[in-house]
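Let me begin by presenting the structure, written as structure tokens, before commenting on it.
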């Protein structure tokens, strides 16, 4: 039990558990993929390799490394095939996003063990992002997932726009459950429920998780993926913890949306999540100081400060100074 | 029930209430006092008067206007006596901070109806901030509060460092309850429990409120005052809502600590709080758009962007654009 102190130790929140929460959670790090994919700056492949290595070394149990999407759509990650061999033996265990069978072919060639597919909960975003209907995206995923499973891969499925869509507005929870259930039926081991535009609030989170529960899909198959566009990501995380979810996507330093742009859409920062988990006494296995140092270094590479509150508070100041 | 949409309406979260929360809350706006007092820029008195007027006009039920502290300590608010008359008839109903009897004298001369005193939960901060012991600060407050009550004023008592102290580290909840109880016994109508350095996490909030409850002090006499130094303010607010607290201090635009400084210590942003309350369907009476516009204007006066996520997301973009 420690707290901010003047004795030279790193400031930490006092640990006071809350009743009814999980005792440990898995942080699924998306900075190198979801983060860098949404940054304007294109980072050199050597920097990406160091980024992934430092995150793994900081204790993050899962680091999604890159995406095998066509470089035309995501030029930031055009070096995926170059990056993976640079990660060494651990690289093949890092999940990679694959949009379709061509992406899967590239992942198979490199011996990857885990892939993620990226679906939409709404008709309009399926059209905008994949140029498919809601049904069409599932038809497209079917052979990709089947072949991945045959090859012994683990498949995670993102469901985007789970709480709201810029074109359709509010998204009914039943619609999200229907899409999620179909992705699980294809063979995905886990759904990552994404608040892509950051409009979720805590009651909505509870309602969505209850709807999944009513459909027989428990929290053990669900992860939450919050964006902090309106500052709600950590309150939503606390709500999901109360519902029993034990996997959370987060991005080191809050990478994934410049906070100084008009519409900041960054991911929940790994550091801010770790801070709350430390306060709640929930195990996660991550070395906060090492992630902060990594984010400070990456902010230098990107040429801008991190949007993470914890990185801002701890990253520049001496570790023994009052916050 | 509305959400982000493309039809020209302002993006709003979908309203999904959570069980067991209050149906309405009071937002106690501290931007003009706690916010501006901690900004480097000294704002002209005319700008302050407009700031308070715009906040009142946006529906904020309580706006703490300024502080009658010696200008030597808080030069930012040296114009308190000049500001109050500029606020018109409503100005006297705005609470003002008074540190001692001399401050009270100035407040009485201006006909103020509500004051706030600022105590510490820790010995060290009482020494640093008031040059008094813990007991000494209570002795100092006693005649101030007694005379204020005689004059028919309402007295609010801030308790600072309720969750951690830069010098003492973790602060035991029992210690906070002891100090808070003595302030209530002096005659304060409400305690504002401050997380002055931002180290609270949700379980700690629950524990502190339970300790007050065990001492016979219910949520009807408590307000929460969170700082967002480590990004935890809104998660802590959600935790306090679950415990039944119905008054929250917040600062328009998150004023009170530059987010680009090494140690950002800003208040919870009023707009981020309003967004969450809207999502939870909790009444507050505040016009979000009007507060955002006020914070955008104030950011211009201060020459820097607002640290509020909602202000960043909504403040610059056209109101009908996707977030």
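The values are calculated or read from the model by the stated rules, or taken from the named source; none is laboratory data. This one's a predicted model, so the numbers in the text were calculated from it and none came from an experiment. Methodologically, a virtual Cβ is constructed for each residue, glycine included, from the backbone with ideal geometry; neighbour enumeration extends over all protein chains shown.
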Notebook entry, point to check: Could we say that residue A:273 is at pLDDT 95 or above, within 11 Å of chain B (Cβ to nearest Cβ) and not in a loop (DSSP other than H, G, I, E, B) here?
Noted result: yes
Check: Within region A:229-241, is there a residue that is within 14 Å of chain B (Cβ to nearest Cβ), under 29 Å from residue A:152 (Cα atoms) and either in contact (Cβ under 8 Å) with a residue 24 or more places away in the chain or not in a loop (DSSP other than H, G, I, E, B) (or both)?
Finding: no
Check: Can you pull out the residues in region B:117-150 that are touching a residue at least 40 places away in the same chain (Cβ under 8 Å), outside any helix (DSSP H, G or I) and in contact with a helix residue (DSSP H, G or I) (Cβ under 7 Å, 6 or more places away or on another chain)?
Finding: B:117, B:119, B:120, B:121
Next item on the list: For region B:276-315, name all the residues that are outside any helix (DSSP H, G or I), within 10 Å of another protein chain (Cβ to nearest Cβ) and either closer than 20 Å to residue B:46 by Cα or modelled with pLDDT of 95 or more (or both).
Entry: B:281, B:282
Next item on the list: Give the residues of region A:36-78 that are surrounded by fewer than 19 Cβ atoms within 10 Å (Cβ to Cβ), in a helix (DSSP H, G or I) and at pLDDT below 95, sorted by residue number.
Entry: A:75
Margin query: Take residue A:180 and tell me if it is within 14 Å of chain B (Cβ to nearest Cβ) and either under 14 Å from residue A:68 (Cβ atoms) or under 20 Å from the mean Cα position of the chain (by Cα) (or both).
Written below: no
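This table checks each residue for (1) farther than 18 Å from residue B:248 by Cα; (2) within 14 Å of chain A (Cβ to nearest Cβ).
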| residue | (1), (2) |
| --- | --- |
| B:17 | yes, yes |
| B:22 | no, yes |
| B:39 | yes, no |
| B:82 | yes, no |
Next item on the list: Go through the residues of region B:198-216 one by one and say whether even a single one is outside any helix (DSSP H, G or I), in contact with a helix residue (DSSP H, G or I) (Cβ under 6 Å, 6 or more places away or on another chain) and within 14 Å of another protein chain (Cβ to nearest Cβ).
Entry: yes
Checklist line | Residues being free of Cβ contacts under 8 Å to residues at least 24 places away in the same chain and either closer than 28 Å to residue A:138 by Cβ or part of a loop (DSSP other than H, G, I, E, B) (or both) - total across region A:79-101 | finding: 2
Notebook entry, point to check: Which of the residues spanning region B:107-116 are in contact (Cβ under 8 Å) with a residue 24 or more places away in the chain and in contact with a helix residue (DSSP H, G or I) (Cβ under 6 Å, 6 or more places away or on another chain)?
Noted result: B:110, B:112, B:113, B:115
Next item on the list: Pull up region B:154-176, narrow it to residues that are away from chain A (no Cβ under 14 Å) and surrounded by 22 or more Cβ atoms within 10 Å (Cβ to Cβ), then point me to the one that is farthest from residue B:205 (Cα to Cα).
Entry: B:155
Next item on the list: Kindly indicate whether any position in region B:245-256 is more than 10 Å from chain A (Cβ to nearest Cβ), part of a helix (DSSP H, G or I), crowded, with 19+ Cβ neighbours inside 10 Å and in contact (Cβ under 8 Å) with a residue 12 or more places away in the chain.
Entry: yes
Item checked: Residue satisfying all of: in region B:115-129; surrounded by fewer than 22 Cβ atoms within 10 Å (Cβ to Cβ) and farther than 11 Å from residue B:157 by Cα; modelled with the lowest pLDDT among these -> B:129
Next item on the list: Residue by residue through region A:185-197, note down the ones that are surrounded by fewer than 18 Cβ atoms within 10 Å (Cβ to Cβ) and in a helix (DSSP H, G or I).
Entry: A:185
